[in-house]
Amino acid sequence: MKRVASTSTSDKLPANDYCMKCFDQPKQGTSKSTWKVLIMDKVTVKIMSYSCKMADITEEGVSLVEDIYRRRQPLPTMDAIYFIQPTKENVIMFLSDMSGRTPLYKKAFVFFSSPVPRELVNHIKRDANVLARIGALREMNLEYFAIDSQGFITDNERALEELFGDEENSRTGDACLNVMSTRIATIFASLREFPFVRYRAAKSLDTTTMTTFRDLIPTKLAAGIWNCLMKYKANLPNFPQTETCELLILDRSVDQIAPIIHEWTYDAMCRDLLNMEGNKYVHEVPSKTGGLPEKKEVLLEDHDPVWLELRHAHIADASERLHEKMTNFVSKNRAAQIHHGSIDGGELSTRDLQKMVQALPQYSEQMEKLSLHVDIAGKINNMIKQMGLKELGQLEQDLVFGDAGTKEVINFLRTKQDVTGENKLRLLMIYAAIYPEKFEGDKIAKLMELARLPPDDMKAVYNMRLLEGSADTKKNSNGAFSLKFDCSQEEAYYQKRSHW
């Protein structure tokens, strides 16, 4: 069985190019089938959907995408590409598809998302009929979820609960860490990078102090990743034999605040305030027939140059730059000038009409993208005002930097009665992470009464203590690094915006 290594030298994650490797083998083989069937499980279908679009798959000759666990129609004249996890259940399903006198497909090209245990390979080899129908059997080492060109997740939605839950369960925690370590290691296999693995050691490893499972999480994860890397080093072609980069492992107890605090970049505001599903955003566009506005789905991804440029900018800066882009576009584009009535009076000359027609295709495409982001930024700014997020965000960051405490939180809850339950919950979770000692005894009773949160929300606040953050969180807000708002920038922006 072959092991595949990426040849990418780009600084971007090679997930898309790597997925396309699945479709190369049938083209190179002896099979004359033009169209192919792609069969995946629930994990690999998510990997594929993060990495490429249906149009990319269709272009590679795939006419049908199937779930390996669903009953499927036999297509004995077509080849099948299996992109699946190396689990016993998946191998059994694959053998069931391709065994006997009448297999479901003509030939099977099998690609596993991570290293395959030897016993599963032997299980496949024992069936001579199936073995003759296999066109390829490879490890793709692609079990991460590329959310953009330079970021990925391991998709462990319950990791926080399984690793830091109120009831420690080392068996469940170990299983979670094994999945995470395998998936993280496939990143380095696909990039052909061999990292130094850095992690925070347990607080104490002496015999007089009990070390908890939570203390060992970074150590266990580092060990799991290192074991996978050692196997790649020994077996994967062209894998580096000496370290080429560094991997730094941090757990949530190092920074409990990041998932809770309001982040003010354009990207973060979109995901926090808009009702988005993944990267999908639904907005209204004028009807072509003159009727009611129509709903249109768009993907905020790297192929959108406006999104790519502005996604990490502060929302105030992003809004200002969008305004400048729209103004410059209208001033330079002939069709846009006519559309917006920027050309003074009189009938259009033949030359004007000619220039307008020449500009229309480019005008439509660029105008659509700019209008989309102007619409999004406008919605976000309105929500910031309606929800009073500017004041809330200031208090959140004052808490983080030690410039505010219990008094300021109580005053905010007392004077801002219209704050949503979610925002009150997030504020108190930040407070609990920074001042865990305040949650001992009845010190917090007044704050809880003011918040008026349901019992489940209050349990979430109290559970912040389980992350064991340091109580010594008083920071010098005048340091070199600060997350504080640039108030002058925001004020100037809102003043300017009032004249738009």
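The values are calculated or read from the model by the stated rules, or taken from the named source; none is laboratory data. Here the structure is a predicted model, which is why all the values come from computation and not from measurement. Here the Cβ is made from the backbone with ideal geometry for all residues, glycine too, and neighbour counts use every protein chain on show.
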For this session: Would you please list the contacts, defined by Cβ atoms under 9 Å and residues six or more apart or on different chains, that run from a residue in segment 87-105 that is at negative phi and surrounded by fewer than 17 Cβ atoms within 10 Å (Cβ to Cβ) to a residue that is part of a helix (DSSP H, G or I) and of a type in the set (Asp, Glu)?
Result: 88/119
For this session: For residue 223, state whether it is loosely packed, with under 12 Cβ neighbours inside 10 Å and part of a helix (DSSP H, G or I).
Result: no
Problem set entry | Odd one out for residue 438, checked against (1) modelled with pLDDT of 90 or more; (2) surrounded by 15 or more Cβ atoms within 10 Å (Cβ to Cβ); (3) among the basic types (Lys, Arg) | (1)
Problem set entry | Enumeration of residues in segment 230-246 that are touching a residue at least 12 places away in the same chain (Cβ under 8 Å), farther than 10 Å from residue 189 by Cα and either surrounded by 13 or more Cβ atoms within 10 Å (Cβ to Cβ) or among the hydrophobic types (A, V, I, L, M, F, W, C) (or both) | 231, 243, 244, 245
For this session: Only residues that are of a type outside the set (A, V, I, L, M, F, W, C) and either modelled with pLDDT of 90 or more or within 14 Å of residue 84 (Cα to Cα) (or both): list them for segment 31-48, please.
Result: 36, 41, 42, 44, 46
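Matching residues to (1) at pLDDT 90 or above; (2) in a helix (DSSP H, G or I); (3) surrounded by fewer than 19 Cβ atoms within 10 Å (Cβ to Cβ); (4) at positive phi:
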position	(1), (2), (3), (4)
347	no, no, yes, no
355	no, yes, yes, no
361	no, yes, yes, no
364	no, yes, yes, no
390	yes, yes, yes, no
393	yes, yes, no, no
398	yes, yes, yes, no
414	yes, yes, yes, no
Exercise. Taking the condition of a type in the set (Asp, Glu), modelled with pLDDT under 95, under 28 Å from the mean Cα position of the chain (by Cα) and not assigned by TED's automatic domain parsing to the domain that holds residue 302, does residue 127 pass?
Worked result: no
Exercise. What pairs come up if the first residue lies in segment 447-463 and is small (Gly, Ala, Ser), the second is crowded, with 16+ Cβ neighbours inside 10 Å and assigned to a helix (DSSP H, G or I), and their beta carbons are under 7 Å apart, counting only those six or more places apart or on different chains?
Worked result: 451/413; 451/424; 451/428; 460/425; 460/429
Exercise. Can you spot a residue in segment 163-180 that is within 20 Å of residue 43 (Cα to Cα), within 18 Å of the chain's Cα centre (by Cα) and not assigned by TED's automatic domain parsing to the domain that holds residue 107?
Worked result: yes
Seminar exercise, completed: Going through segment 400-411 in order, the residues found to be of a type outside the set (Val, Ile, Thr) and surrounded by fewer than 16 Cβ atoms within 10 Å (Cβ to Cβ) are 402, 405, 407, 408, 411
Problem set entry | Residues satisfying the stated conditions in segment 69-86, i.e. surrounded by 18 or more Cβ atoms within 10 Å (Cβ to Cβ) and of a type in the set (Phe, Trp, Tyr) | 82, 83
Problem set entry | Condition check for residue 496: in a helix (DSSP H, G or I), modelled with pLDDT under 70 and basic (Lys, Arg) | yes
Exercise. Do you know which residues across segment 308-317 are buried (at least 23 other Cβ atoms within 10 Å of the Cβ) and over 21 Å from the mean Cα position of the chain (by Cα)?
Worked result: 316
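Might you check whether a residue that is farther than 18 Å from residue 374 by Cβ, among the hydrophobic types (A, V, I, L, M, F, W, C) and in a helix (DSSP H, G or I) occurs anywhere in segment 268-291?
Yes, segment 268-291 contains a residue that is farther than 18 Å from residue 374 by Cβ, among the hydrophobic types (A, V, I, L, M, F, W, C) and in a helix (DSSP H, G or I).
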Exercise. What residue, among those in segment 441-458 that are among the charged types (D, E, K, R), assigned to a helix (DSSP H, G or I) and at pLDDT below 85, is nearest to residue 398 (Cα to Cα)?
Worked result: 446
